[in-house]
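Here is the structure we will look at.
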Amino acid sequence: MVGPYRDLFRTPGVKGFVITGFLGRMPMSMHGIGVVLLISAVTGSYATAGALSGAVAIAFALAAPLSGRLVDMFGQARVLIPLSLLHGAALVAFMLLVHAEAPTWTLFAAGVVAGAAAPSLGSMVRARWTHLLGGSGRLHTAFSFESVADEVIFVSGPTIVTGLATLVSPYAGLVLALVLGVGGTIAFALQRRTEPPVRRGEGVRHRGSPILIPGVALLAAVFLAMGSVFGSADVITVAYAEANGAKGAAGPMLAAFAGGSLVSGLWFGGRAWRIPLRTRYLRALLVFAVGLTPILLVRGNLAMATALFGAGLAISPTIITGYALIERLVPSHLLTEGMAWISTALGFGVAVGSWAGGRLTDLYGPGDAYLYSFLSGLVAVAIAYAGSALLRTPDDPARSVLQTPTGEGRS
């Protein structure tokens, strides 16, 4: 299983952008829970904490396609460096305003700027892999590796932030996120050897935004619902751990959720699949939704951590195949923006889920609030199966699998 991953690193220049890209996107698992822990410690309200976390996520979601389009037009380095510096300045301002007990609206203003300026580094890393390995079967392994790297981030990030926030200072987790985000992103941007060239798109049919491609729009809708699962689970799990007498257990519990995805990602990426890409995506998504069922039934932090681990097992396969579908559906000169739309959809979903999770937790308690996460997973499955015909790619060997003779999709 290790062999295919080892082969990836024999490509010249890969180690540099992989390591810096990993460090630079560490904050993606740290900002949400860091804001929740800080604001809940200062205000005592999970609703306010969830709303602020959601505002940051919405700002990121709105700006990600724009930054992706700028990168496609001007190149990664010319866009990432100024964005990361602006993001760092806004995050510093946010923490200073919290410390000064400034009016809540100022926290939202600083949080929105910090979110909007946060680079969608995951899409930039995958664009580099596509530039180096596009058209090769190794691209599946590369996307799988990046998904595993994401899950390592989501395993370690919440645990580190929770530990720092509860043992050192409520601000400590966000300070570390600031250092890693700004430093890692600038170091990544300086890896010019593997930077994809700017492509103007001459002679291609599609010149508009990738979101206007029906298959991309469908994937964005599915990932919106998945993001709502992630956002709500973050906020609810913090409250659940506290309600069960150990708020510090929230980090390990969320790490268990990501840990399930990490394990499945390693296995999934090490295999050579013959099942059509679209079929893999639909099956993984169905397993994801079904896997959320136990979180409605268990009680206690340890049992919930186990349930979250099981629920996470289908996350990596779903995300890996989702990005692979984007790579097949989107023209090369729009690839970064196309992948950024997935980040946008996830960001919006996380924002909605954070708000809803905090609100429902305050109203009904964390145990019952998990029902929202489960229902969001079901919505993702319903959207994907209803529009599965839109996910056909030019090299799909099973075009008739999900289509009747009249051309109507079926599930």
Problem set entry | Hits in segment 353-371 - residues which are surrounded by fewer than 22 Cβ atoms within 10 Å (Cβ to Cβ) and in a helix (DSSP H, G or I) | A356, R359, D362, L363, Y364, G367, D368, L371
Exercise. Looking at segment 245-255, which of its residues are surrounded by fewer than 24 Cβ atoms within 10 Å (Cβ to Cβ) and either of a type in the set (S, T, N, Q) or modelled with pLDDT of 80 or more (or both)?
Worked result: G245, A246, A249, P252
Problem set entry | In segment 57-93, the residues that are touching a helix residue (DSSP H, G or I) at 6+ places or on another chain (Cβ under 7 Å), within 17 Å of V35 (Cα to Cα) and without any contact (Cβ under 8 Å) to a residue 60 or more places away in the chain | A59, A90, A93
Problem set entry | Options A77, A127, A90, A102: the member that is assigned to a helix (DSSP H, G or I) and under 30 Å from Y46 (Cβ atoms) | A90
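Here is a yes/no grid of residues against (1) of a type in the set (V, I, T); (2) at pLDDT below 85; (3) surrounded by 22 or more Cβ atoms within 10 Å (Cβ to Cβ):
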position: G3; (1), (2), (3): no, yes, no
position: R10; (1), (2), (3): no, yes, no
position: T20; (1), (2), (3): yes, no, no
position: L23; (1), (2), (3): no, no, no
position: M30; (1), (2), (3): no, no, yes
position: I39; (1), (2), (3): yes, no, yes
position: G50; (1), (2), (3): no, yes, yes
position: V56; (1), (2), (3): yes, no, yes
Exercise. Within segment 106-120, is there a residue that is out of contact with any Asp or Glu (no Cβ under 7 Å at 6 or more places or on another chain), at pLDDT 90 or above, part of a helix (DSSP H, G or I) and closer than 30 Å to Y5 by Cβ?
Worked result: no
For this session: Mind listing just one residue for me: the one in segment 288-339 that is crowded, with 24+ Cβ neighbours inside 10 Å and polar (S, T, N, Q) and, of those, nearest to A256 (Cα to Cα)?
Result: S316
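Conditions tested, residue by residue: (1) at pLDDT below 85; (2) within 17 Å of the chain's Cα centre (by Cα).
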site: L325; (1), (2): no, yes
site: I342; (1), (2): no, yes
site: Y372; (1), (2): no, no
site: A386; (1), (2): no, no
site: P394; (1), (2): yes, no
site: L402; (1), (2): yes, no
site: S411; (1), (2): yes, no
Problem set entry | Matching residues, segment 266-321, being within 22 Å of G231 (Cα to Cα) and without any contact (Cβ under 8 Å) to a residue 12 or more places away in the chain | V290, L297, V298, L302, A303
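The values are calculated or read from the model by the stated rules, or taken from the named source; none is laboratory data. What you are looking at is a predicted structure, and each value in this text was computed from that prediction instead of being measured. Counting neighbours? That spans all protein chains shown, and the Cβs are built from the backbone with ideal geometry, glycine included.
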